[in-house]
1. Mind telling me which of the residues Val139, Val144 ends up being surrounded by fewer than 24 Cβ atoms within 10 Å (Cβ to Cβ) and within 14 Å of the chain's Cα centre (by Cα)?
2. In the range 311-352, what residues are out of contact with any Pro (no Cβ under 7 Å at 6 or more places or on another chain) and of a type in the set (Gly, Ala, Ser)?
3. Using beta carbons and a limit of 9 Å, which pairs, at least six apart or on different chains, have the first residue in the range 250-270 and under 12 Å from Asp215 (Cβ atoms) and the second one aliphatic (A, V, I, L, M) and open to solvent by 50 Å² or more (accessible area, probe 1.4 Å)?
4. Tell me the residue from Ile367, Ile309, Ile335 that is aliphatic (A, V, I, L, M) and within 30 Å of Lys79 (Cβ to Cβ), please.
5. Which pairs turn up if I take residues in the range 47-76 that are closer than 13 Å to Leu282 by Cβ and look for partners that are of a type outside the set (A, V, I, L, M, F, W, C) and assigned to a helix (DSSP H, G or I) with beta carbon separation below 6 Å, at least 6 apart in sequence or on another chain?
6. Name the pairs whose Cβ atoms lie under 8 Å apart, with the first residue in the range 141-158 and farther than 11 Å from Asp76 by Cβ and β-branched (Val, Ile, Thr), the second modelled with pLDDT under 85 and part of a helix (DSSP H, G or I), and 6 or more positions between them or separate chains?
7. When you go through (1) open to solvent by 70 Å² or more (accessible area, probe 1.4 Å); (2) of a type in the set (Lys, Arg); (3) farther than 30 Å from Ile25 by Cβ one by one for Arg380, which number turns out not to apply?
8. In this structure, does Pro53 turn out to be modelled with pLDDT under 85 and under 29 Å from Ser249 (Cα atoms)?
Amino acid sequence: MHHAVIQYTCLLVIILFVVMLAQKIRVAYPILLVLVGLPLGFVPFLRGIEIQPELIFVIFLPPLLYEAAWNTSWKDFWKWRRVISSFAFPVVILTSCVVAFVSTAIIPGFTLATGFLLGGIVSPPDAVSASALLKTVKVPKRFVTIVEGESLLNDASSLVVFRFALAAVLTGSFVFRVAATDFVLVIVMGIVTGIAVALLFYAVHRWLPTTTNMDVVLTFITPYAMYMLAEEFHFSGVLAVVSGGLFLSARRHQFLSNRSRLQGINVWEAVAFLLNGIVFILIGLEFPVIIKNLGREALTHAITYSLIITGVLIVTRFICTYGAVIVTIIMSKIITVADPNPGWKAPALFGWAGMRGVVSLAAALSIPLMLNSGHPFPNRDMILFITFTVILVTLVLQGLTLPVIIKWVNMPDPDLTITIEQQRQLVRKKLAHLSLTILNEKYNDLTKNNEMVKALKLRYHADMELLKDWDKDGNEKRAEEFYKDYRHIMAHLLKEQRALLLTLNKKENISDDLVKQQFELLDLEEEKLRQHFEAND
């Protein structure tokens with residue numbers, strides 16, 4: 001136990017330094033973590049740190065899916081629901097079929113059931129990989145929504161395919177009608193379970209006397225409750241977490257207090273960062289385990305098969321992507337679609353954003369060593385190696401080249417009719433106008449007699465004066481200069497105020513708790529300043 005604690009502590013330190021290096025050289029940290037993990041897997045001190053499938057599926061997957069779902073815009077998700085659902089379900093099944101037939105044709109000893117098993121493992125792009133990589137590049141919002149939405153849902157369909165194919169290999173029988181019925185049941189009931197659990201936690205948050213810390217703890221219990229309850233009844237735990245997460249995320253302002261939301265965001269960001277880091281470095285560390293049972297001759301063949309399967313996956317995704325464009329153009333003449341003419345740029349980017357991740361590797365590692373008959377599971381080592389290679393090639397090759405392709409394609413954001421800065425100023429103007437209206441109509445007497453309320457009105461009035469003509473020629477640039485000066489002065493004031501608080505804290509007649517409270521208020525003021533200018537940096 002003591003040795004394991006030291007191992008994981010060293011691993012966390014390595015993760016932190018790798019992420020620092022990734023930020024320095026401007027490379028997405030998941031890619032660098034996987035590459036650094038490859039040689040670390042041969043270090044004797046770190047041996048024994050392996051991916052346990054149950055650890056990934058039960059410990060890591062629920063919170064990572066929940067965090068991704070929580071940060072997904074339901075409005076955008078619903079707008080692109082047809083594209084997302086088509087790639088999350090039909091395209092995954094089609095890709096599994098293609099991989100099954102190709103692998104059966106080229107790999108000796110592969111049956112169709114084994115091929116479908118491999119297809120179910122490697123067909124879905126990974127939600128964790130997609131979310132982590134897309135945070136490092138600047139692309140149109142619709143692209144992020146579709147890629148993240150697809151990767152959130154496709155694990156469900158692929159794991160169902162994997163489950164049925166594994167059962168077929170173990171038992172030697174497969175009934176399509178039963179499998180198709182079970183597939184629909186697993187998907188639908190997974191969604192129902194997730195929303196049911198979400199309603200329960202919604203009620204707990206809203207009507208029980210929870211504190212801020214209780215709320216944050218409950219947000220961590222929620223994804224595990226959704227996942228484990230669904231899996232207990234053999235439904236889709238992935239869809240339970242995603243559907244429940246989306247349901248609660250869209251209603252967060254109804255049941256969480258402002259403190260719970262602020263504290264929850266900070267805690268979840270740190271936890272998601274930690275789990276992502278461990279997940280990606282574990283992929284690299286798994287390399288010695290993957291190759292240990294393959295001989296030199298088998299390794300040569302395995303590399304060839306792996307590269308062929310990887311190429312098949314990339315080509316199939318591009319074919320499906322441009323096929324979806326054709327279907328969209330045809331359907332736009334019959335029904336209303338989100339974008340009747342997607343063009344070639346978005347599909348090109350989408351086709352190249354098919355990174356695989358740790359869920360695929362965990363699924364491969366969960367394959368049992370023995371069949372029900374007691375014989376060794378056929379081609380298990382080959383499936384493991386192909387899965388690892390697919391993850392490595394797609395994550396490193398596509399992840400490293402995606403920013404270059406984004407720059408080359410140079411796709412404008414078709415949904416951005418006005419700039420982010422213009423949207424920000426418009427929202428601020430409407431908020432200031434609403435506040436002044438309420439103050440004038442309901443608190444007019446207090447704005448004259450109460451100095452604090454009067455100062456509040458003057459603040460909103462100053463905002464209105466600053467913003468009233470911001471959209472006219474030249475005024476936007478002038479406003480940007482004002483904000484730049486404002487930010488510089490505020491940063492200076494906050495620095496000097498902190499210095500004064502440190503001085504005051506040395507005096508006996510000033511409470512230390514009071515000084516800490518003032519420091520927290522200054523931290524909140526600085527955070528407001530950072531978020532206000534974040535999009536411009």
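1. Details: Val139 fails: within 14 Å of the chain's Cα centre (by Cα).
Answer to the check: Val144.
2. Gly311, Gly323, Ala324, Ala338, Gly343, Ala346, Ala348, Gly351
3. Pairs that qualify, where the first residue is under 12 Å from Asp215 (Cβ atoms) and the partner is aliphatic (A, V, I, L, M) and open to solvent by 50 Å² or more (accessible area, probe 1.4 Å), are Ser260/Met214; Leu262/Leu524.
4. Numbers: Ile367 fails: within 30 Å of Lys79 (Cβ to Cβ); Ile309 fails: within 30 Å of Lys79 (Cβ to Cβ).
Answer to the check: Ile335.
5. Ile49/Gln7
6. Val147/Ala130; Val147/Leu134
7. (1)
8. Details: modelled with pLDDT under 85: yes; under 29 Å from Ser249 (Cα atoms): yes.
Yes; evaluated as a whole, the condition is true for this residue.
The values are calculated or read from the model by the stated rules, or taken from the named source; none is laboratory data. The model shown is predicted, which means the values in this text are computed figures rather than measured ones. Note: ideal-geometry Cβ built from the backbone for every residue, glycine included; neighbour counts use all protein chains shown. Each accessible area value is taken on the protein alone, full model and side chains, heavy atoms only, with ligands, DNA and RNA left out. Shrake-Rupley method; radii C 1.70, N 1.55, O 1.52, S 1.80 Å.
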